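Only one structure is covered here, and it is reproduced in the block below.
Any read-out appearing in this document is the output of simple, stated calculations on the displayed coordinates, not a laboratory observation. This one's a predicted model, so the numbers in the text were calculated from it and none came from an experiment. All Cβ positions, glycine included, derive from the backbone under ideal geometry; neighbour counts span all protein chains shown.
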Amino acid sequence: MSVGESGDIVDLLVIGAGPTGLACAIEAQRAGFTALLVDKGCLCNSLFHYPAHMTFFTTPELLEIGGMPFSSPNQKPTRNEALEYYRKVTEHYALNVCQYETVDRVSGSDGNFTVHTTDQFGRSAQRRARKLVVATGYYDLPNYLNIPGEDLPKVKHYYHEPHPYYGLDVLVIGGKNSAAIAALELWRHGARVTLVHRGAEMHRHVKYWILPDINNRLKNGEIKGYFTSTVTNIAEDAVTLETPQGEVILSNHFVFALTGYHPDFTFIESLGVTLDEQNDRVPSCDPATLESNIAGIYLAGVIVAGERTNEIFIENGRFHGKLIADHLRLRLAASEPADQPVLASALPNNGRLRNQE
């Protein structure tokens with residue numbers, strides 16, 4: 001039986017096994033608590049689905065968690081280096097990670113939560129925990145265009161690598177980093193690339209070493225650009241654009257709709273966490289402890305910022321675990337109310353109740 005399943009109980013269950021979730025589990029273990037991570041995909045699932053040859057926009061030391069050095073010969077590490085690093089960290093701390101297990105719902109309350117999950121074969125499990133951390137990121141839910149043809153198999157909301165699109169007509173929708181990187185890689189590997197963006201130019205947040213490259217390709221006509229324009233229809237062999245000059249129909253084989261992503265607000269609300277609809281759907285959360293308005297449920301990583309997904313990255317989200325662990329220690333030191341079970345680390349027998357051994 002794995003930890004946290006059926007009669008067993010852990011101090012902290014972390015939903016989401018990305019860098020921030022891993023950091024939360026590490027800090028909990030360092031503080032003497034038992035921890036379990038659950039993720040609907042693989043370890044660092046969002047990172048895994050980044051472009052195969054992606055380079056981070058930051059230096060290795062700013063991606064470090066758990067006090068373990070991130071060694072890289074590159075000033076900016078690659079996706080593959082990051083995946084290797086986080087695997088090694090997970091192994092070093094012997095983190096208990098349940099992969100390919102989707103959280104369907106959560107029942108119970110502070111001190112005695114039950115997390116109901118389903119694995120990739122449809123089998124159900126129940127995992128018990130005294131406290132929860134939601135660190136689910138935002139990369140799993142694309143911002144859809146909601147236009148005819150978006151459900152065609154030719155439409156992709158994630159870009160991985162350029163090889164399959166050699167010699168084909170490819171449309172990239174978006175004006176930020178992911179769109180710029182995809183357009184450049186596709187063009188350099190033999191695709192005929194058109195970029196469409198609703199703004200008047202590429203977004204100002206495109207990284208400084210990428211922006212001149214994409215702007216020069218657009219200026220030279222090597223990548224065709226339509227700005228202040230939108231896609232209104234996607235068909236099997238064509239796409240329709242609405243441009244300042246009127247309607248344009250282009251021959252097309254594949255579409256990359258790289259228009260951003262958003263947190264799973266539906267799941268967050270299902271836990272009882274309130275969202276500030278007047279403030280970019282920022283969830284109710286104490287910034288000093290990261291505990292939400294629901295006692296015992298903490299938030300970590302990008303979801304803390306709601307729709308402002310450009311505010312929290314690995315670089316600052318990795319510190320959220322320490323805030324949460326410190327609060328758990330304070331709660332323990334102050335003692336839980338009499339009607340609340342104490343954390344397992346305060347119990348004899350290495351944190352296990354006798355009737356649960």
Applying the Karplus parametrisation 6.51 cos²θ - 1.76 cosθ + 1.60 with θ = phi - 60° to the phi angles of the range 288-298, what ³J(HN,Hα) value in whole Hz is obtained for each residue in order, glycine and proline being reported as x? 7, 10, 6, 7, 7, 6, 9, 4, x, 10, 10
Once amide H atoms are placed 1.01 Å from N in the peptide plane, what residues at a sequence separation of 5 or more from G199, or on another chain, have their amide H within under 5 Å of its amide H? T228, S229
Paired Rg and Dmax values of the range 58-183, which use every Cα atom, in angstrom: 19.7, 58
Once you have the alpha carbon radius of gyration of the range 1-97, what is it after dividing by 2.2 N^0.38 Å, with N set to its residue count? 1.13
GNM flexibility winner over the chain from R127, R281, R318 (Cα, springs under 10 Å): R281
Can you work out the Karplus-derived ³J(HN,Hα) for every residue in the range 214-228? Use 6.51 cos²θ - 1.76 cosθ + 1.60 with θ = phi - 60°, whole Hz, and x for glycine or proline. 5, 5, 5, 5, 5, 4, 7, x, 5, 10, 6, x, 10, 10, 6
For V155, the residues 5 or more places away or on another chain with a placed amide H closer than 5 Å to its own amide H are V255
Semi-axes (Å, rounded, descending) of the ellipsoid equivalent to the range 155-257 per its C-alpha gyration tensor are 19, 17, 12
Would you please give the residues with an amide H less than 5 Å from that of V282, counting only those at least 5 places away or on a separate chain, with H modeled from the backbone geometry? D276, E307
Could you work out, for the chain, what percent of all Cα-Cα pairs fall into each 10 Å distance bin, beginning at 0 Å and stopping at the bin that holds the largest distance? 5, 23, 28, 22, 14, 6, 2, 0
Let me spell out the model: positive unit charges on the Cβ of Lys and Arg, negative unit charges on the Cβ of Asp and Glu, origin at the Cα centre of the chain. What dipole size does that give, in debye rounded to 20? 640 debye
Karplus couplings for the range 305-321 from phi (6.51 cos²θ - 1.76 cosθ + 1.60, θ = phi - 60°), rounded to Hz, Gly and Pro as x? 9, x, 7, 7, 6, 9, 9, 10, 10, 4, 4, 10, x, 5, 8, 5, x
Please say if the range 181-230 is rounded, prolate or oblate, where rounded means a/c under 1.5 for a ≥ b ≥ c the square roots of the C-alpha gyration tensor eigenvalues, and otherwise the choice is prolate for a/b larger than b/c and oblate otherwise? oblate
Most exposed to least, judged by fewest other Cβ atoms within 10 Å, W187, W209 sort to W209, W187
Taking Cα atoms, the helix 177-188 axis meets the longest principal axis of the chain at an angle in degrees (rounded to 10) of 50 degrees
XL table K154/K207; K156/K219; K88/K322; K40/K224; K154/K219; K156/K322; Cα-Cα > 32 Å flagged, in table order, is K40/K224; K156/K322
Which residue fluctuates the most in the chain, going by a Gaussian network model with Cα springs under 10 Å, if the choices are G108, G306, G260? G108
